[in-house]
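Asks: Following this message is one structure expressed as structure tokens.
The values are calculated or read from the model by the stated rules, or taken from the named source; none is laboratory data. Since this is a predicted model, take the numbers as computed values, not measurements. Cβ atoms come from the backbone with ideal geometry, glycine included; neighbour counts cover every protein chain shown. Calculation scope for accessible area: heavy atoms of the full protein, side chains included, ligands and nucleic acids excluded. Shrake-Rupley method; radii C 1.70, N 1.55, O 1.52, S 1.80 Å.
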Amino acid sequence: MGHWWYRNVVEPGKLPLLLALASFVLTFLVTRAVTRLIRAGKGPFRNLTPGGVHVHHVVPGVILMVLGGFIALAGGRRGFGSGVAAVLFGIGVGLVLDEFALILHLDDVYWSEEGTKSVEIVILTVALVALILAGFLPFGVNEIGPEESTDRFTVVRTVAVNFLFALVALTKGKGRIAVIGVFVPFVALFGAVRLARPNSPWARRFYRHRPKARARARVRAYRHDRRWSALRRKVEHVIGGAPSR
């Protein structure tokens, strides 16, 4: 176990990233637990309102992200300092992304339906960081062998093709697939060849004079949302708490 840990985590310099991910997830879970207790009026926790101003936890989150980032830049990728920087940065990211919806809407939508965007972005961030820890690199570069990596044309071609797949998936209204597809090219390819969402830029541009394609896109989007939206919403509510009615 010790040999595996050194070879796969310590030697490649992934320990700071692992510490940042662990502190990020733990901070998010603890923060959600505390806010749910405050909402229910249980426990010793209360909102911070010095001078009548509600201080959202995104504020200390930004401060910790700045501290962690500058410490990391000053201390390098290895050593005790890099570990401290990673933990501070991870805690800061957890606090900030927990209120991502507030930043997006510039409104306190924490316990509204819009507030579930914070949970969604946290899940997506955890997935992306986990892919990086597992050895995936953006645009399929990790699939290029040592001999091929010396050929600049091969690298540029691989990046360009995979970037195109992700871009097409994004314009088809499949944002989650596009983001994951940046690291897993076949996911982006799957999103690129499928029908576009009915309100996506791709559908407005290319399905304008194709009523059958528009109809199929609407039917497929309806079936997909009916099948997965309720499950996704239930998972988000379990993790982050159900919105206020």
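Asks: Tell me which of these Phe183 doesn't satisfy, since it passes every other one: (1) modelled with pLDDT under 90; (2) of a type in the set (Phe, Trp, Tyr); (3) open to solvent by 70 Å² or more (accessible area, probe 1.4 Å).
Replies: Exception for Phe183: condition (3).
Asks: Now for a different question. State all residues of region 84-122 that are surrounded by fewer than 16 Cβ atoms within 10 Å (Cβ to Cβ) and more than 18 Å from Val58 (Cα to Cα); if no residue qualifies, say none.
Replies: Scanning region 84-122 gives a single hit, Glu113.
Asks: Can I ask one more? Test Ile132 against the stated conditions and say whether it is open to solvent by 70 Å² or more (accessible area, probe 1.4 Å), β-branched (Val, Ile, Thr), at negative phi and assigned to a helix (DSSP H, G or I).
Replies: Taking the combined requirement at face value, the residue does not satisfy it.
Asks: If you don't mind, there's one more thing I want to ask. Kindly list the number of the only condition in (1) open to solvent by less than 50 Å² (accessible area, probe 1.4 Å); (2) under 30 Å from Phe139 (Cα atoms) that fails for Phe206.
Replies: The one condition Phe206 does not meet is (1).
Asks: Something else: Looking only at residues in region 44-60 that are of a type in the set (A, V, I, L, M, F, W, C) and outside any loop (DSSP other than H, G, I, E, B), which one is most open to solvent (accessible area, probe 1.4 Å)?
Replies: Among those that are of a type in the set (A, V, I, L, M, F, W, C) and outside any loop (DSSP other than H, G, I, E, B), it is Val59.
Asks: Consider Leu67 carefully, then state whether it is open to solvent by 60 Å² or more (accessible area, probe 1.4 Å), assigned to a helix (DSSP H, G or I) and within 20 Å of Ser118 (Cα to Cα).
Replies: Answer is no for this residue.
Asks: Still on this model: With the requirement that a residue be among the small types (Gly, Ala, Ser) and not in a helix (DSSP H, G or I), what does region 199-228 give you?
Replies: Once the filter is applied, which keeps residues that are among the small types (Gly, Ala, Ser) and not in a helix (DSSP H, G or I), region 199-228 yields only Ser200.
Asks: Would region 25-43 turn up any residue that is within 25 Å of the chain's Cα centre (by Cα), assigned to a loop (DSSP other than H, G, I, E, B), at pLDDT below 85 and surrounded by fewer than 14 Cβ atoms within 10 Å (Cβ to Cβ)?
Replies: No, region 25-43 has no match at all.
Asks: Say we look at region 154-180 and pick out the residues that are open to solvent by less than 70 Å² (accessible area, probe 1.4 Å) and basic (Lys, Arg); which of these is farthest from Leu131 (Cα to Cα)?
Replies: Lys172
Asks: Which numbered condition trips up Ala242, out of (1) farther than 22 Å from Trp111 by Cα; (2) part of a loop (DSSP other than H, G, I, E, B); (3) of a type in the set (A, V, I, L, M, F, W, C)?
Replies: Unmet for Ala242, out of (1) farther than 22 Å from Trp111 by Cα; (2) part of a loop (DSSP other than H, G, I, E, B); (3) of a type in the set (A, V, I, L, M, F, W, C): (1).
Asks: Next question, about the same structure. Tell me which residues, restricted to region 106-127, are touching a helix residue (DSSP H, G or I) at 6+ places or on another chain (Cβ under 9 Å) and either modelled with pLDDT under 90 or of a type in the set (D, E, K, R) (or both).
Replies: Asp107, Asp108, Val109, Tyr110, Trp111, Ser112, Glu113, Glu114, Gly115, Thr116, Lys117, Glu120
Asks: Next question. Looking at region 128-176, which of its residues are of a type in the set (Val, Ile, Thr), over 21 Å from Arg7 (Cβ atoms) and at pLDDT 90 or above?
Replies: Once the filter is applied, which keeps residues that are of a type in the set (Val, Ile, Thr), over 21 Å from Arg7 (Cβ atoms) and at pLDDT 90 or above, region 128-176 yields Val168, Thr171.
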